[in-house]
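Following: one structure in structure tokens, then a few remarks.
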Amino acid sequence: MQSQESKRIYTEEFRPQQHFTPAAQWINDPNGLLYYKGKYHLFYQHNPSGILWGNMSWGHSVSSDLQNWEHLPVAISCTDTTGIFSGSAVVDSNNTSGFSSLDNPPLVAIYTVHQNDGSNQSQHIAYSVDEGLTWIKYADNPVLDLGMKDFRDPKVSWNSATNKWLMTIAKPLEYKIAFFQSDDLKSWEHLSDFGPLGATGGCWECPDLIPLTTPDGETRWVLLVSLNPGGIAGGSGTQYFIGDWDGKSFTTDQKSTKWIDYGRDNYAGVTFSNAPENRKIFLAWMSNWDYAAKLPSPIWRGSMTAPRELTLLQYENELHLSALPIKELQSATDYSFTINADEDREFAICHGEQQLRIHFDSTSKKITVDRSGAWIAELEDHPQSTPPIELPEFTIRLLLDHGSLELFVVESGFALTTLTTLPATSAILQKTAKR
């Protein structure tokens, strides 16, 4: 059984140092990720008045480096009858919406309004003319309403090929992602639907469609789709599809289901809009709907993953999505190890009697993480594993923080994120055994 000592990890004393947490209360999905005038804006699903899910509003924090955050007032608030669910935000550089001017382009947030009686979800917009400090809800909302009970999480981007806005949005219970376009962020035209395909063990949520360059210099498109339940490690998870976008439809010839993370605690991740140098920087909620509300956290409940940069790499004669921590990340508890595939290798991350075990099996070629010795006894759990790693030698990277481990297999693009009850300063012990 986990001691009360181990549960201190979820208190102020052990607040994560390398990961975003709110000043207080509940958070889940990141929303409205945006870069503008030297600041990264992180909005997020937030209950301003409680430690459990509810009163869904957009919390707001800003950072110049994605590591040190300034907490700001709630940006977009719920009402007595509606919640402000997930969405995105853009810089309307050409003032297509008419909300401001070319000299001071508006920031526009696009989000789902959920009727608390469960009758409808529709898409609304709000705008800011003071660099995101205050937000005004558009008077003629909603801007897109299909009369559906489940229709949410719009991710909007500028399509330079058509000079129109593109919305990527989930039809959760149909296992479909829909695409719409607009000239002005106010009137939307349906283009196509994608799916069902891949994993369909839970509702589809929080999509994101982004272009990436292959190692050969070709442009391919990646569609991120979160689902809950049905994740690869149980509960929440995020799959991805690599394919093509012709301006109207997304297509893929991908045969297998691919996951951006093989751990239990990476969900609802999307990329920052307008990031410098067109980088695709990804941030996700570091938790799982199976137990998020049960973590013993009296002050704040929920955190984000380390910011990661998305790239495409070639592995086993096919493209894979890699999501490694951004190069700017500075951490004293960031470790890398070289693994010989002909040898079993074991790492034990220890703090007192608590122990998390990482094992590479040279027969199965898989890395397995067992956190049962550094987890909460009341929460049922099981080991988490990567797919087989078919390389003669590879690098694993371990990023530790208070209450979390993020494991990366650098050459294959595999990642495994898991919460723990260990402090960041835990000792790492190694053992190698030849076959």
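Hey, among the residues in the range 343-367 that are β-branched (Val, Ile, Thr) and crowded, with 16+ Cβ neighbours inside 10 Å, which one's nearest to PHE408 (Cα to Cα)?
Applying the first criterion (β-branched (Val, Ile, Thr)) to the range 343-367 yields 349, 358, 363, 367.
Add one more test, that the residue is crowded, with 16+ Cβ neighbours inside 10 Å, and what stays is 349, 358, 367.
Working: ILE349: 16, ILE358: 12, ILE367: 10 Å.
Filtering the range 343-367 for residues that are β-branched (Val, Ile, Thr) and crowded, with 16+ Cβ neighbours inside 10 Å, the one nearest to PHE408 (Cα to Cα) comes out as ILE367.
For the range 403-435, give me each residue that is part of a loop (DSSP other than H, G, I, E, B) and open to solvent by less than 30 Å² (accessible area, probe 1.4 Å). Talk me through it step by step, then tell me what you get.
As a first pass, look at the range 403-435 and keep what is part of a loop (DSSP other than H, G, I, E, B): 403, 410-413, 420-426, 435.
Once the filter is applied, which keeps residues that are part of a loop (DSSP other than H, G, I, E, B) and open to solvent by less than 30 Å² (accessible area, probe 1.4 Å), the range 403-435 yields GLY403, SER412, GLY413, THR420, THR421, LEU422, PRO423, ALA424, SER426.
Give me the strands (runs of 3 or more DSSP E) completely within the range 319-389, filtered to those with at least 1 residues that are among the small types (Gly, Ala, Ser), ordered by residue number.
Strands (runs of 3 or more DSSP E) meeting the threshold: 334-340, 343-351.
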Open item on the list: It is to be established whether one or more residues within the range 140-151 are in contact with a helix residue (DSSP H, G or I) (Cβ under 9 Å, 6 or more places away or on another chain) and surrounded by 18 or more Cβ atoms within 10 Å (Cβ to Cβ).
Closed with: yes
Open item on the list: Going residue by residue through the range 103-120, is there one that turns out to be of a type in the set (S, T, N, Q), modelled with pLDDT of 95 or more and in a strand (DSSP E or B)?
Closed with: yes
Task: The one condition in (1) among the polar types (S, T, N, Q); (2) open to solvent by 20 Å² or more (accessible area, probe 1.4 Å); (3) closer than 26 Å to LYS149 by Cα that THR11 fails to fulfil - done: (3)
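Could you pull out the residue among SER322, SER297, SER287 that is over 17 Å from the mean Cα position of the chain (by Cα) and open to solvent by less than 10 Å² (accessible area, probe 1.4 Å)? Step through it out loud before you land on a result.
Values: SER322 fails: over 17 Å from the mean Cα position of the chain (by Cα); SER287 fails: over 17 Å from the mean Cα position of the chain (by Cα).
Unique residue meeting the criteria: SER297.
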Open item on the list: Looking at the range 114-125, can you tell me whether even one residue there is open to solvent by less than 40 Å² (accessible area, probe 1.4 Å), out of contact with any helix residue (DSSP H, G or I) (no Cβ under 6 Å at 6 or more places or on another chain) and over 23 Å from ALA75 (Cα atoms)?
Closed with: yes
Task: Criterion: modelled with pLDDT of 95 or more and touching a His at 6+ places or on another chain (Cβ under 9 Å) - qualifying residue of ILE232, ILE210, ILE242 - done: ILE242
Task: the range 307-319 - residue that is over 16 Å from THR238 (Cα atoms) and hydrophobic (A, V, I, L, M, F, W, C) and, of those, nearest to the chain's Cα centre (by Cα) - done: LEU312
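Across the range 253-271, which residue is nearest to GLN45 (Cα to Cα) among those that are among the hydroxyl-bearing types (Ser, Thr, Tyr) and either surrounded by 20 or more Cβ atoms within 10 Å (Cβ to Cβ) or in contact (Cβ under 8 Å) with a residue 12 or more places away in the chain (or both)?
Taking the range 253-271 and keeping what is among the hydroxyl-bearing types (Ser, Thr, Tyr), we get 256-257, 262, 267, 271.
Next, from what is left, pick out any that are either surrounded by 20 or more Cβ atoms within 10 Å (Cβ to Cβ) or in contact (Cβ under 8 Å) with a residue 12 or more places away in the chain (or both): 257, 262, 267, 271.
Numbers: THR257: 28, TYR262: 23, TYR267: 13, THR271: 16 Å.
Per the criteria, the residue is TYR267.
The values are calculated or read from the model by the stated rules, or taken from the named source; none is laboratory data. Here the structure is a predicted model, which is why all the values come from computation and not from measurement. Glycine gets a Cβ as well: all are built from the backbone with ideal geometry, and neighbour counts include every protein chain shown. Ligands, DNA and RNA are stripped out before the accessible areas are found, and what is left, the full protein with its side chains, is counted by its heavy atoms. Shrake-Rupley method; radii C 1.70, N 1.55, O 1.52, S 1.80 Å.
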